[in-house]
Amino acid sequence: MTTATLSRWNRFRESFLWYSFRRDKVAIVSFLVLILMVLAAVFAPLFAPTDPYDLAQIDIMNSELPPVGMQGADSAFPLGTDAQGRDMLSTILYGTRVSLLIGFGAVVLQAALGILFGLLAGYLGGRVDSILMRIADVQLSFSTLMVAIIVGAVFKASFGNLMFGEIAIYMLIFIIGIAEWPQIARTVRASVLAEKKKEYVDAAKVMGFRTNRIMFRHILPNTLSPIFVIATVQIANAIISEAALSFLGLGMPETQPSLGSLIKSGFDYIQSGSWWITLIPGLVLVVLVLVINLLGDWLRDVMNPRLYKG
Amino acid sequence: MLAFLVQRVSQALLVMFVISVIAFAIQDGLGDPLQEMVGMSVSQEEREALREELGLNDSMVVQYLRFAGKAIQGDLGNSYFYGKPTLEVISEHLPATLELVIGASLIIMLLSVPIGVYAAIRPQALLAKFFMGVSTVGISIPVFLTAIVLIQIYSIGITVEWFPADTGWGQWLNGALSTEGGLPSYGRGDDLTHLFGTWYSGFFSESGLLHLILPCVSLASIMLPLFIRLIRAEMMEVLQSDYIRYARAKGLSAVRINFLHALKNTMLPVITVGGVQVGVMVAYTILTETVFQWPGVGLMFLEAITRSDIPLIVAYLMVVGLIFVVTNTLVDLVYGLVNPTVKLTGKKA
């Protein structure tokens, strides 16, 4: 038993995951870019030249300055300023932070819902299964974005603008989590159906374990790898959904912008030639979503049990 | 077949019932019709009398039944903002959205089939790899961002001055990368042709068509990568099958095999998936219409939200729900008709 004596780190170094990661240039580059963006976003208060939430640091006279390299640029604002005179670099760093937070939070929520409902539907079967999956079907046929828009619209209409703006982060996590749980529930259900037939489940049943214990302690760990793959892609989807909601005015307010609301507020000024206010946050959004999607593709290839059995 | 039909239709009715309950709950929870109808000066007694007269004191079930009964007769109340029946408002805005969807679907069909088939026949070709790469990136770009970039390039125009203008190649590169812009990016234009009823079409005039270009391309851009990937995957699977090998062995020409034999079986799943994608399309029309100020139902819905025009929001939900349910049921039925392996009545596996 050599593997048992190896430390956790060494086991990871010997693993197929690490092996295939080292061999995949796209995965390495995507991972590095993602880590860079996450670090820059998490430590935004350290890196950002100004604090976009602090009104005292904003001077309206600095509004709509272009990025460095164009005529009329100010070297204090490397990516230019927006219409209110906020430094674009700082707002983008803070905005990425908000977008990542919502994306991650929404996926945690939908994973919790999806795992719970997926396990219940797959393991219990019968009526529970058909009701839960019918709800999932209907929700998916409406498309997750449509559900998110409708739920967002209803919340906004019932809470009012001001109230909605204050708790927008939690609202968005909730809305996107509710809208997208069927994706994860379906994946979990499919793997539970496959696991359920295996002998260890029969053994656990014969030993008299309770249903809850079998579901969460025995079956769940064996369904984790597909959940992991789909959750990665879902973070990208959640970030796009958040951006779309914010762009429609159903998301983050301008005072506490995410990437989506930055694009929205910049869009009003595109006709006057200030393209950077909307297109630079847009580019950041696309890069962020693209690297997460590429990592998700790579994970799917690696963890696909049909390609690799280990 | 009859059992299948009954099952699907009753399922559709059930979904429609749930949608109407949700819509009713929204209407009941968000709007107080009294506040919209009477001013501050009306006394408490008068309010109570009016409440009784309007049936607002009845039980929930009675109120729902009244709501549903009116809805079936096509009465979903009056819009606060427009001051007319909500269905009339929607029918005025629907043609614009439909034209957007038609235009985008045309672009998707005309491009996705040739590109998908090509990528399936020559998976190793450089051009095919390029198309697949572009479609991966395309999926990661939100539709409103595509729209904004298109506006910047083709409506506002860009001037590139990165290269030295005093050299010949610099000037040429600057010129080649700059665009003039000039395409309209706002609304539908004024030159619309009246077809029938509330349908004013932009397909029959130059200005109408010009106004359609950017919104349709934006809306198509989000679905195009998906369809290219789907057609490619389906086609590659079909090309592996025995009957294609047999056709090849028989010496049929490649064109005949690819386009007559293989494409036919490729398109079946593509059409059904396409039908389901209608739902996704409606969500994206809201985004596209917002960017281009396109006067369709999506923009109307968003404006209704900002104006708290509850009856219009509810009517939109009902109409869109109906469209979803009808298309999904039709797709299911068509699939059941065309593909005999579908279990018609049995329970889900």
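A few remarks follow.
- Computed about its Cα centre, the charge dipole of the protein assembly as shown is approximately 4300 debye, with only Lys, Arg, Asp and Glu carrying charge at their Cβ.
- Taken about its Cα centre, chain B carries a charge dipole of about 2380 debye when Lys and Arg each add +1 at the Cβ and Asp and Glu each add -1 at the Cβ.
- Among B:Glu289, B:Glu53, a tally of other beta-carbon atoms within 10 Å of each Cβ gives an order, fewest to most, of B:Glu53, B:Glu289.
- Only the Cβ atoms of Lys and Arg (+1) and of Asp and Glu (-1) were treated as charged; on that basis the dipole of chain A about its Cα centre amounts to roughly 2040 debye.
- Remark: segment A:163-175, residue by residue, has Karplus-estimated 3J(HN,Hα) of 4, 4, x, 5, 10, 4, 4, 5, 4, 5, 4, 5, 4 Hz, where x stands for each Gly or Pro and the curve is 6.51 cos²θ - 1.76 cosθ + 1.60 at θ = phi - 60°.
- Dimensionless Rg ratio for the protein assembly as shown, taking C-alpha atoms and the 2.2 N^0.38 Å reference: 1.06
- Theoretical FRET efficiency, 1/(1+(r/R0)^6), r = Cβ-Cβ of B:Val137 and B:Phe81, R0 41 Å, to 0.05: 0.50
- Computed label-point distance, nm, for sites B:Leu322 and B:Lys70 using a 7 Å Cα→Cβ extension: 1.5
- Sequence-separation-based contact order of chain B, relative, with Cα cut under 8 Å and 6+ spacing, percent: 26
- For segment B:248-346, relative contact order (Cα pairs under 8 Å, six or more residues apart, normalised by length) works out to 23 percent.
- The GNM of chain A, with springs linking C-alpha atoms under 10 angstrom apart, assigns the highest mean-square fluctuation among A:Leu285, A:Leu109, A:Leu36 to A:Leu36.
- Length added when fully stretched, B:Ile102-B:Ala3, from 0.36 nm per residue minus Cα-Cα: 32.3 nm
- DSSP loop trypsin sites (Lys or Arg not before Pro) with at most 11 other Cβ within 10 Å excluded, longest remaining stretch of chain A: A:1-196
- In terms of overall dimensions, chain B has a Cα radius of gyration and Dmax of 25.9, 90 angstrom.
- Angle in degrees between helix B:263-276 and the longest Cα principal axis of chain B, rounded to the nearest 10: 30
- The stretch between A:Asp51 and A:Val128 holds 22.7 nm of extra length on full extension. This uses 0.36 nm per residue minus the Cα-Cα distance.
- Tilt relative to chain A, helix A:88-119 - C-alpha long axis, 0 to 90 degrees, to 10: 20
- Mean projected area (nm²) of the alpha-carbon convex hull when segment B:234-349 is viewed from all directions: 11.2
- Sequence-distant contacts, meaning Cα pairs under 8 Å at least 6 residues apart, place the relative contact order of chain A at 21 percent.
- Label-to-label distance for A:Trp18 and A:Arg217 is 3.1 nm, based on points extended 7 Å past Cα in the beta-carbon direction.
- Estimated at 0.36 nm per residue, the fully extended path between B:Trp172 and B:Ser59 surpasses their Cα-Cα distance by 33.1 nm.
- Estimated from the Cβ-Cβ distance and a Förster radius of 45 angstrom, the FRET efficiency linking B:Val18 and B:His194 is about 0.75.
- Sorted by Cβ density within 10 Å, fewest first, the residues B:Met60, A:Met252: B:Met60, A:Met252
- The order of B:His261, B:His211, going from fewest to most other C-beta atoms within 10 Å of their C-beta, is B:His261, B:His211.
- Helix B:310-338 and the longest principal axis of the C-alpha atoms of chain B enclose an angle of approximately 50°.
Each value in this text was obtained by applying a stated rule to the coordinates, not by laboratory testing. Predicted model only: the values in this text are computed from it and were never measured. Ideal geometry is used to build each Cβ from the backbone, glycine not excepted, and the neighbour counts take in all protein chains shown.
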